[in-house]
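*Asks:* Before I ask anything, here is the structure I am working with.
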Amino acid sequence: MSKVLLCSADELTPGSLKKVQNEVVGDLCVYNLDGEYYATLDMCTHATASLAEGFIEDDLITCPVHWGQFNIKTGEAVAFPCEKHLRTFKIVVENGEVFADLESPSPEAVEANIES
Ligand code: FES
């Protein structure tokens, strides 16, 4: 497992998100959805945009540039112009800290995401 620290568990309130720099896979975005943590790549799959500057609504992240959307839990591209799924990462919470496993997708990830 290749684990990277994203944030402390009390740093993100439910409904909030944060960009975390990473040189191995590219910058990440960590989300708190109703007390559960999720992580995806930060870069929108449509063009150059940081999803950390977007908006959370339910389980979706809306890209701030062309308003495409992804399901945060599965990485599925659900709104045009986003068509390529977003890479997700498995979350591990230990001792009050939130980590992403860079080698594993989230358990809910769509199949295409797992292959990316
Ligand atoms: S850059 Fe994200 S929808 Fe276009």
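*Asks:* So if I check each of Thr48, Thr88, which one is within 13 Å of the chain's Cα centre (by Cα) and not charged (D, E, K, R)? Can you show your working first?
*Replies:* Details: Thr48 fails: within 13 Å of the chain's Cα centre (by Cα).
Going through Thr48, Thr88 in turn, the sole match is Thr88.
*Asks:* In addition: Test Asn22 against the criterion of being over 9 Å from the mean Cα position of the chain (by Cα), over 18 Å from Ser2 (Cα atoms) and of a type in the set (S, T, N, Q), and give yes or no. Quick ask: steps written out before the conclusion?
*Replies:* Values: over 9 Å from the mean Cα position of the chain (by Cα): yes; over 18 Å from Ser2 (Cα atoms): no; of a type in the set (S, T, N, Q): yes.
Spelling it out, it is not the case that Asn22 is over 9 Å from the mean Cα position of the chain (by Cα), over 18 Å from Ser2 (Cα atoms) and of a type in the set (S, T, N, Q).
*Asks:* With respect to the numbered conditions (1) more than 15 Å from the ligand (Cβ to nearest atom); (2) in contact with a Pro (Cβ under 6 Å, 6 or more places away or on another chain); (3) of a type outside the set (A, V, I, L, M), which one is the sole condition not fulfilled by Gly54?
*Replies:* (1)
*Asks:* Take the range 26-56 and flag every residue that is of a type in the set (Ser, Thr, Tyr) and either within 19 Å of Thr74 (Cβ to Cβ) or surrounded by 14 or more Cβ atoms within 10 Å (Cβ to Cβ) (or both).
*Replies:* Here is the first cut: in the range 26-56, the residues of a type in the set (Ser, Thr, Tyr) are 31, 37-38, 40, 45, 48, 50.
Listed by number, the residues that qualify are Tyr31, Tyr37, Tyr38, Thr40, Thr45, Ser50.
*Asks:* What do you reckon, is Glu23 exposed (fewer than 14 other Cβ atoms within 10 Å of the Cβ) and either farther than 18 Å from Pro105 by Cβ or modelled with pLDDT of 95 or more (or both)? Explain how you work it out, then say what you get.
*Replies:* Working: exposed (fewer than 14 other Cβ atoms within 10 Å of the Cβ): yes; either farther than 18 Å from Pro105 by Cβ or modelled with pLDDT of 95 or more (or both): yes.
Yes.
*Asks:* Which condition number does Pro107 fail, the rest of (1) surrounded by 15 or more Cβ atoms within 10 Å (Cβ to Cβ); (2) part of a loop (DSSP other than H, G, I, E, B) being met?
*Replies:* With (1) surrounded by 15 or more Cβ atoms within 10 Å (Cβ to Cβ); (2) part of a loop (DSSP other than H, G, I, E, B) applied to Pro107, the lone miss is (1).
*Asks:* Please specify each residue of the range 1-35 satisfying the condition of being free of Cβ contacts under 8 Å to residues at least 40 places away in the same chain, in a strand (DSSP E or B) and charged (D, E, K, R).
*Replies:* Residues satisfying the conditions are Lys18, Lys19.
*Asks:* Output the residue which, of all residues in the range 57-77 that are in a strand (DSSP E or B) and more than 14 Å from the ligand (Cβ to nearest atom), is surrounded by the fewest Cβ atoms within 10 Å (Cβ to Cβ).
*Replies:* Glu57
*Asks:* In the range 1-11, which residues are surrounded by 14 or more Cβ atoms within 10 Å (Cβ to Cβ) and over 12 Å from Ile91 (Cβ atoms)?
*Replies:* The one that is surrounded by 14 or more Cβ atoms within 10 Å (Cβ to Cβ) and over 12 Å from Ile91 (Cβ atoms): Glu11.
*Asks:* Answer with yes or no whether Val92 is farther than 19 Å from Gly15 by Cβ and either of a type in the set (A, V, I, L, M, F, W, C) or without any contact (Cβ under 8 Å) to a residue 60 or more places away in the chain (or both). Talk me through it step by step, then tell me what you get.
*Replies:* On the way: farther than 19 Å from Gly15 by Cβ: yes; either of a type in the set (A, V, I, L, M, F, W, C) or without any contact (Cβ under 8 Å) to a residue 60 or more places away in the chain (or both): yes.
When the stated conditions are applied, Val92 passes them.
The values are calculated or read from the model by the stated rules, or taken from the named source; none is laboratory data. Please read all numbers here as calculations on a predicted model, not as lab measurements. Heads up, the Cβs are rebuilt from the backbone with ideal geometry, glycines too, and the neighbour counts pull from every protein chain shown.
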